[in-house]
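The structure appears below as structure tokens.
Derivation of every value follows stated rules applied to the coordinates shown; laboratory data play no part. Just so we're clear, the structure is a prediction, and the values are computed from it rather than from any experiment. Cβ sites come from the backbone with ideal geometry, for glycine too, and all protein chains shown count toward neighbours.
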Amino acid sequence: MKSKIIIIVFLLCSTLNWAQTSKQQELEARKEKIINAILQYNGLLNIEKKKEKSVLTEIKEKNARIQLSQSLITTNETQVKYIANDISKNQNLIKSLTKELEVLKADYAGMIVKAYKSRSQSSRVMFILSSQNFYQAYKRIQYMKQYAGFRKSQAEEIKIKQQKLNQAIVTLKSKKEQREKVIAQTAKEKEELEKQKQEKEKLVKVIQKDKKKYTAEIDKREKEKRDIDRQIKKTIADAIAAANKKAAEKAKAEAKKNNSKTSTTTTSTVKTAPVSSSTSSSKFILTAEGKVDSDNFKANRGKLPLPVEKGYISSPYGDHPHPVHKNLTIHNSGIEITAESGSYARAVFGGEVTQIQVIPGTNKKIVYILHGDFFTIYQDLDTVSVSTGDKISIKQKIGKIVTNSSGTATMKFFITQNTTTLNPSSWLSL
């Protein structure tokens with residue numbers, strides 16, 4: 001029973017250590033991606049400095065940099081907690097190993113003293129010859145062999161324990177250095193965050209001086225954004241309705257065919273399930289193949305690549321305070337990604353191109369790719385290198401992104417399940 005408990009405790013400790021290491025690796029990978037995004041931002045900023053930009057564009061860039069700083073600080077602070085936990089474990093291990101070594105060395109010293117006192121060959125021979133019978137002599141010989149073997153194993157165990165202790169001390173030192181490095185990086189990033197916030201406040205004050213002008217510009221942009229969001233939702237609803245109608249007609253035709261084949265042998269009829277008008281344009285009725293595509297896409301949540309080779313999220317998903325109207329909240333149905341001029345949008349997962357649209361009043365294009373009952377949508381493309389009906393593979397280029405007045409390529413990216421918009425950040429490997 002005792003041995004079973006020891007095994008269970010060992011397995012639990014091993015599992016916890018593995019989980020700890022896995023989380024550390026995950027945090028390190030996440031931190032690396034955030035740092036790469038910051039480098040991308042800094043690189044693009046140097047290019048943009050040569051061009052004139054509107055105050056609103058600069059505020060948007062500051063918001064993106066602030067978001068990256070906050071993500072890095074949060075990741076670093078989480079990492080410090082895990083490192084502190086590792087340090088505590090190593091300190092406890094060192095303490096435990098030190099005690100064990102003290103006991104082992106004391107036992108070994110006692111054995112050496114006894115061995116020294118009985119070092120005479122004649123005393124060992126006399127110990128055997130003084131046996132009362134052959135069996136006792138045999139047992140004494142075996143005892144002497146075991147004692148010598150035990151002494152040797154004790155020496156080996158001391159050596160192993162010492163090596164473990166030395167390794168634990170080295171690991172502890174390394175962890176402490178790592179913690180100090182992360183703490184220093186966090187402090188530096190907090191200074192950068194404060195700097196970015198101050199610069200953003202200055203820009204906001206510029207807007208406040210000419211609020212009427214900037215309010216009109218923002219309201220125009222927000223209206224355009226809402227119009228495009230409505231257009232995208234309607235396009236998806238129309239695609240769902242058309243697919244469901246086609247599926248219903250096919251099922252009806254097959255049912256009629258099957259019914260005519262069996263009418264000569266049975267009086268029973270096959271009925272098809274009607275497609276509800278409430279769901280016909282809001283939810284796909286998936287075929288077996290469509291369900292597989294949907295399940296595959298869903299299984300890759302958090303693992304999808306960025307829809308550009310290099311870039312960063314310049315505007316996140318969800319609700320955000322308005323830069324001018326403090327009491328007004330604006331909503332982003334997708335995310336905006338900024339990349340170098342000339343960058344291409346690429347598919348985040350394999351699927352089928354269902355539609356290519358041109359945004360009214362512009363030459364900007366939108367590409368829709370279907371994955372079962374999920375859509376990935378790529379907005380603000382200058383040129384498109386795919387056609388409706390094409391089967392697309394992951395990371396395949398689908399079009400060149402429009403370069404804006406500040407000299408960068410910025411695209412909007414959406415993920416929906418049926419007509420419900422989802423947060424792309426939780427699906428991408430960021």
_Amide H within-cut-off set for L306, under 5 Å, with H built and near neighbours excluded_ = S429
*First check a/c for the range 212-426, with a ≥ b ≥ c the square roots of the eigenvalues of its C-alpha gyration tensor; if it is under 1.5, answer rounded, and if not, answer prolate when a/b is larger than b/c or oblate otherwise.*
prolate
*Spin-label pair A216/S174, simplified geometry with 7 Å Cα→Cβ offset, distance in nm*: 6.4 nm
*Residues in the range 213-246, backbone N under 12 Å from the label point at T362 (7 Å along the Cα-to-beta-carbon vector): list them, ranges by number please.*
221-229
*Using modelled amide H (1.01 Å from N, peptide plane; none on Pro or chain starts), what sits under 5 Å from the amide H of F349, excluding residues fewer than 5 places away?*
K395
*Arranged from highest to lowest average of other beta-carbon atoms within 10 Å per residue, in what order do the peptides 376-383, 388-395, 30-37 appear?*
376-383, 30-37, 388-395
*How big is the equivalent ellipsoid of the range 169-260 along its three axes, where each semi-axis is √(5λ) from the Cα gyration tensor, reported in whole Å from largest to smallest?*
56, 35, 4
*If the chain between V204 and L56 were fully stretched, how many nm would it gain, using 0.36 nm times the residue separation less the Cα-Cα distance?*
52.4 nm
*Among the listed pairs K200/K223; K23/K60; K195/K364; K220/K365, those beyond 30 Å (Cα-Cα)*: K23/K60; K195/K364
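What's the local net charge at S385, with K and R +1, D and E -1, over the other residues with C-beta under 9 Å away?
That works out to +2.
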*asked:* Give me the one-decimal nm value for the distance between modelled label points at K81 and N418, 7 Å along each residue's Cα-to-Cβ direction.
replied: 3.7 nm
_Residues K99 and S393, FRET efficiency given R0 of 60 Å [Cβ-Cβ distance, rounded to 0.05]_ = 0.50
*Specify the inter-centroid distance of the range 337-373 and the range 70-97, based on alpha-carbon positions, in whole Å.*
43 Å
*asked:* Please list, in order along the range 387-400, the HN-Hα scalar couplings obtained from phi with the Karplus expression 6.51 cos²θ - 1.76 cosθ + 1.60 (θ = phi - 60°), rounded to whole Hz, x for Gly and Pro.
replied: 10, 4, x, 5, 8, 10, 9, 4, 6, 6, 5, 10, x, 8
_Under 13 Å from K246, Cα to Cα: aspartates and glutamates that are on another chain or at least 8 residues apart_ = D238, E254
